[in-house]
Amino acid sequence: MKIGFIGLGRMGSGMAANLIKTGHDVTVYNRTADKMAALVKQGCRAADRVAGACGGEAVITMLADDSAVETTVFGNEGIITALGKGCIHISMSTISVSLSEKLAEAHLRAGQRFVSAPVFGRPEAAAAGELFIVAAGPQDAVNACMPLFDDLGQKTFVLDAKPSAANLIKLSGNFLIASAIEALGEAMALIGKAGIDEGRYLDIMTSTLFVAPVYKNYGALIAKRKFEPAGFAAPLGYKDMRLTLEAADGLRVPMPFASLLKERFLRLLAQDGDKLDWSAIAQLAAEDAGVRD
């Protein structure tokens, strides 16, 4: 397919590279131009503005937050004005339910199609083409995107025709990951203060009760205190808890633990944790317990 790719952070760069490797005609755009250089060497074209990446059958956005997506879509020469009739905007980052609904309506009015396809997986999975994708939108549009999804991920879960459903699932999933991180942090603070080896403890837990990758992978980061470089930065964790609570408020669903997690991330950011991985909230439990490295 002839596609555009906008947003070349740690996730987006790996995803765009996979699309090039699998034979797609890719044009990339990134606000920081030097991030396009490595992909140009791999065979893609570089656009000097958003509109320049909107000349194909579809354009993918992999951007940090709602503000970046809104600017890219609705700004001067943005996607909404540059994308052709019948073409598809695929939003693959974690955005709010309300923005997803706004995008779906705007693209429909413009005669375009919108698919929401957020992903589960860290940068290593993006680079390896092993993401899990949750896709929702008009059935014909989702079907047209499946060759892209097959090249980007190991499995795609297709939902109903409402794109925002995928965004709600993604936010709820990130809430569960953050919950696991907080639980791991508290448990390790408990056994660590008792003098028990955290690595050995993690091996016991992930070999018996908690064999899921989220416990193994994040548990290893916590046990090793390996919070840099950030695979998923703490400000993004804070943003996702805020958006989860926003969605819960709209649906009148109390989520007291999500409120706690939002405060944990805010505390980490208040302590200059912006450049740390979001798993660094686990270290707050150790600090509360007086556990020192």
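Every number in this text was worked out from the coordinates using simple rules, so none of it is lab data. Because the structure is a prediction, the values reported are computed rather than measured. Glycine gets a Cβ as well: all are built from the backbone with ideal geometry, and neighbour counts include every protein chain shown.
Structure summary
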item: Correct choice for semi-axes √(5λ) of the Cα gyration tensor in Å that was computed from the model, options (i) 49, 18, 15; (ii) 36, 20, 17; (iii) 32, 20, 19; result: (ii)
item: Other-chain or far-sequence residues with amide H under 5 Å of GLY43's (modelled H); result: none
item: Label point 7 Å beyond Cα of ALA270 along Cβ direction - residues of segment 217-247 with amide nitrogen under 19 Å; result: 234-243
item: Reachable lysines, given that their alpha-carbon falls under 21 Å from the alpha-carbon of LYS85 and they are not under 8 places away in the same chain; result: LYS2, LYS102, LYS162
item: Amide proton proximity set for GLY4, modelled H, under 5 Å, gap of 5+; result: THR27, GLY56, ALA58, VAL59, ILE60
item: Inter-site label distance for ARG242 and ASN217 at 7 Å from Cα along Cβ, in nm; result: 2.5
item: Packing-based ranking, highest mean first, of 258-266, 73-81 given that Cβ atoms within 10 Å are counted; result: 258-266, 73-81
item: LEU260-ARG292 FRET efficiency (beta carbon distance; Förster radius 25 Å; 0.05 resolution); result: 0.55
item: Distance (nanometres) between label positions extended 7 Å along Cα→Cβ at ALA38 and ASN143; result: 3.8
item: For LEU276, residues with placed amide H under 5 Å, excluding near neighbours; result: ALA234
item: Crossing angle, helix 139-152 versus the chain [Cα axis fit, 0-90 degrees, rounded to tens]; result: 60
item: Segment 2-162 - percent relative contact order, Cα under 8 Å, separation 6 or more; result: 20
item: For the chain, built as a Gaussian network whose Cα springs stay under 10 Å, the top-fluctuating residue of ASP65, ASP197, ASP151; result: ASP197
item: Given LYS193/LYS226; LYS21/LYS155; LYS41/LYS170, the pairs whose alpha carbons are separated by over 25 Å; result: LYS41/LYS170
item: Mean residue ellipticity (222 nm) of the chain, computed from DSSP H runs ≥ 4 via -39,500 (n - 2.57), nearest 500; result: -16500 deg cm²/dmol
item: Label-point gap, in nm, between LYS85 and GLU101 - each point 7 angstrom along Cα→Cβ; result: 2.9
item: The chain - percent relative contact order, Cα under 8 Å, separation 6 or more; result: 14
item: Per-residue HN-Hα couplings for segment 198-211 [Karplus 6.51, -1.76, 1.60; θ = phi - 60°; Hz; x = Gly/Pro]; result: 5, x, 5, 4, 4, 4, 5, 5, 7, 9, 10, 7, 10, 8
item: Derived scalar couplings ³J(HN,Hα) [segment 257-268; Karplus, 6.51 cos²θ - 1.76 cosθ + 1.60; whole Hz; x for Gly, Pro]; result: 6, 5, 5, 4, 5, 4, 5, 5, 5, 5, 5, 4
item: The chain, dipole about Cα centre (Lys/Arg Cβ +1, Asp/Glu Cβ -1), debye to the nearest 20; result: 320
item: Residue-by-residue Karplus 3J(HN,Hα) for segment 227-239, coefficients 6.51, -1.76, 1.60, Hz, glycine and proline x; result: 9, 9, x, 6, x, 9, 6, 3, x, 6, x, 4, 4
